[in-house]
Amino acid sequence: MITDLRSDTFTKPSPAMLEAMFKAPVGDDVFGEDPSVNELESLTANLFGMENALFCPSGTMTNQIAIKCHTQPGDEVMCDKMSHVFIYEGGGIAFNSSCQVKPLEGDRGRITADQVAESINNTEDPHKAKSSLVSLENTTNRGGGSCYNFNDIQLIKEVCLTNNLRLHLDGARIWNALVRKNENPKEYGQIFDSISVCLSKGLGAPVGSLLLGKKDFIHKARRVRKVFGGGMRQAGYMAAAGIYALKYNIQRLQQDHSQAEKIADALAKKDFIGKIMPVETNILIFEVHEPFTPKEFCNKLHQHKILCLPISATQVRMVTHLDVTEEMINNLIRIIESM
Ligand SMILES: *Cc1c(COP(=O)(O)O)cnc(C)c1O
């Protein structure tokens with residue numbers, strides 16, 4: 001049995017989820033006639049109190065569609081320098097939207113209202129790109145699963161409102177933040193112009209993300225999804241997995257968070273482990289020192305059928321998820337203790 005801590009995207013659908021997929025009523029979603037997709041879209045929109053939703057194949061696509069719909073070529077998008085939209089989407093902001101990025105120096109992937117305010121270009125100055133969009137990530141991926149304080153998001157929103165900027169949330173792991181901070185998704189729906197959420201991470205569905213927003217925005221987004229090649233036909237089989245995930249797999253995320261903390265506690269006792277980023281949710285990023293390099297540390301665990309990722313010359317990442325059992329964690333901790 002392999003313990004796969006490389007990412008929470010390695011989860012496999014459970015028998016009950018597969019059963020729900022098997023039974024799903026389907027139609028052609030490009031014609032708007034897939035009942036399961038329609039149900040998932042309205043369920044998710046309602047959850048966040050937003051007008052409408054669009055089911056897409058990936059979180060990269062939902063982010064990229066949002067950026068395309070919010071900007072014009074030559075505009076500038078502000079985000080943290082380690083944002084997924086900036087570093088992990090294949091240069092998509094330039095490729096798809098012909099925009100440039102102003103990367104901000106955030107704290108573990110989180111930026112502040114002051115930073116946004118300071119980074120807005122003077123629209124009267126023809127030298128400058130037009131600032132038009134701010135993109136936040138919650139929880140942060142490269143920031144080690146850190147969460148925003150909701151109040152800090154509200155302050156960013158105020159800056160956006162006074163400066164005519166749109167505000168997008170890359171909420172690939174928003175579920176982890178909602179559970180960790182005990183927040184109401186409707187508060188997010190009130191603040192953001194668009195929200196991208198993933199079903200294929202901690203929620204354990206095989207594929208799928210949704211883009212949420214106002215009616216007109218999603219109408220536009222539906223066209224862009226088609227242009228990007230993301231219009232799917234009998235996608236209801238996938239949507240059914242998402243509906244199942246929303247019903248049964250959100251609250252259990254707190255187990256993933258406490259398991260990540262348990263691993264961090266075990267790591268903290270070892271001399272060859274350096275700085276461990278504060279563990280807020282299900283992502284654990286830590287430094288590995290002599291006598292191991294991050295790669296060697298991962299290879300060592302690999303011998304015990306435990307997989308994790310060296311993510312830089314000094315750091316390793318582990319991600320907990322619903323296919324990681326308590327027994328696997330206890331086994332990992334025993335191995336760390338013996339190293
Ligand atoms: C995983 C992830 C995405 C989307 O990834 P896809 O693999 O395209 O679904 C977007 N943002 C963040 C922060 C992520 O971790």
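The values are calculated or read from the model by the stated rules, or taken from the named source; none is laboratory data. Source: prediction; values computed, not measured. All Cβ positions, even for glycine, are placed from backbone atoms using ideal geometry, and neighbour counts span all protein chains on display. Surface accessibility is based on the protein's heavy atoms, side chains included, excluding ligands, DNA and RNA. Shrake-Rupley method; radii C 1.70, N 1.55, O 1.52, S 1.80 Å.
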Which residues, taken from the range 153-171, are aliphatic (A, V, I, L, M) and open to solvent by less than 80 Å² (accessible area, probe 1.4 Å)?
-> Ile153, Leu155, Ile156, Val159, Leu165, Leu167, Leu169
Do the conditions hold for Lys275, that is, is it modelled with pLDDT of 95 or more and in a helix (DSSP H, G or I)?
-> no
Examine the range 23-37 for a residue that is of a type in the set (A, V, I, L, M, F, W, C), surrounded by fewer than 17 Cβ atoms within 10 Å (Cβ to Cβ), assigned to a helix (DSSP H, G or I) and in the same structural domain as Glu187 (by TED's automatic domain parsing), and state whether such a residue exists.
-> yes
Residues satisfying the stated conditions in the range 7-48, i.e. among the aromatic types (Phe, Trp, Tyr) and under 23 Å from Val319 (Cβ atoms) = Phe10
How many residues of the range 318-339 are assigned to a loop (DSSP other than H, G, I, E, B) and touching a His at 6+ places or on another chain (Cβ under 9 Å)? The answer is 1
Unique residue being farther than 20 Å from Tyr188 by Cβ, among the basic types (Lys, Arg), more than 16 Å from the ligand (Cβ to nearest atom) and touching a residue at least 12 places away in the same chain (Cβ under 8 Å) when the list is Lys68, Lys23 | Lys23
So Leu133 fits all but one of (1) in contact with a Gly (Cβ under 7 Å, 6 or more places away or on another chain); (2) closer than 20 Å to Glu89 by Cβ; (3) open to solvent by less than 10 Å² (accessible area, probe 1.4 Å); what number is the exception?
-> (1)
For the range 145-196, which residues satisfy the criterion of being touching a Phe, Trp or Tyr at 6+ places or on another chain (Cβ under 9 Å) and either closer than 21 Å to Gln259 by Cβ or not assigned by TED's automatic domain parsing to the domain that holds Leu47 (or both)?
-> Ile174, Ala177, Leu178, Lys181
Restricting attention to helices (runs of 4 or more DSSP H) lying wholly within the range 137-224, give those where 2 or more residues are within 16 Å of the ligand (Cβ to nearest atom) and either among the charged types (D, E, K, R) or under 22 Å from Ala113 (Cβ atoms) (or both).
-> 174-181
Restricted to the range 224-258 and to residues being under 30 Å from Gln72 (Cα atoms) and in contact with a helix residue (DSSP H, G or I) (Cβ under 8 Å, 6 or more places away or on another chain), the residue surrounded by the fewest Cβ atoms within 10 Å (Cβ to Cβ) is Lys226
Consider Ile263 carefully, then state whether it is open to solvent by less than 50 Å² (accessible area, probe 1.4 Å), outside any loop (DSSP other than H, G, I, E, B) and either out of contact with any strand residue (DSSP E or B) (no Cβ under 6 Å at 6 or more places or on another chain) or hydrophobic (A, V, I, L, M, F, W, C) (or both).
-> yes
Just name the residue that is nearest to the ligand (Cβ to nearest atom) out of those in the range 106-136 that are over 12 Å from Leu167 (Cβ atoms) and in a helix (DSSP H, G or I).
-> Gln115
Of all residues making up the range 153-179, the number that are over 12 Å from Glu137 (Cα atoms) and touching an Asp or Glu at 6+ places or on another chain (Cβ under 6 Å) | 1
With the condition kept exactly as written, say whether any residue in the range 89-96 is open to solvent by 50 Å² or more (accessible area, probe 1.4 Å), part of a strand (DSSP E or B) and within 16 Å of the ligand (Cβ to nearest atom).
-> no
Identify, please: which residue in the range 71-88 is under 15 Å from the mean Cα position of the chain (by Cα) and not in a loop (DSSP other than H, G, I, E, B) and is, among those, nearest to the ligand (Cβ to nearest atom)?
-> His84
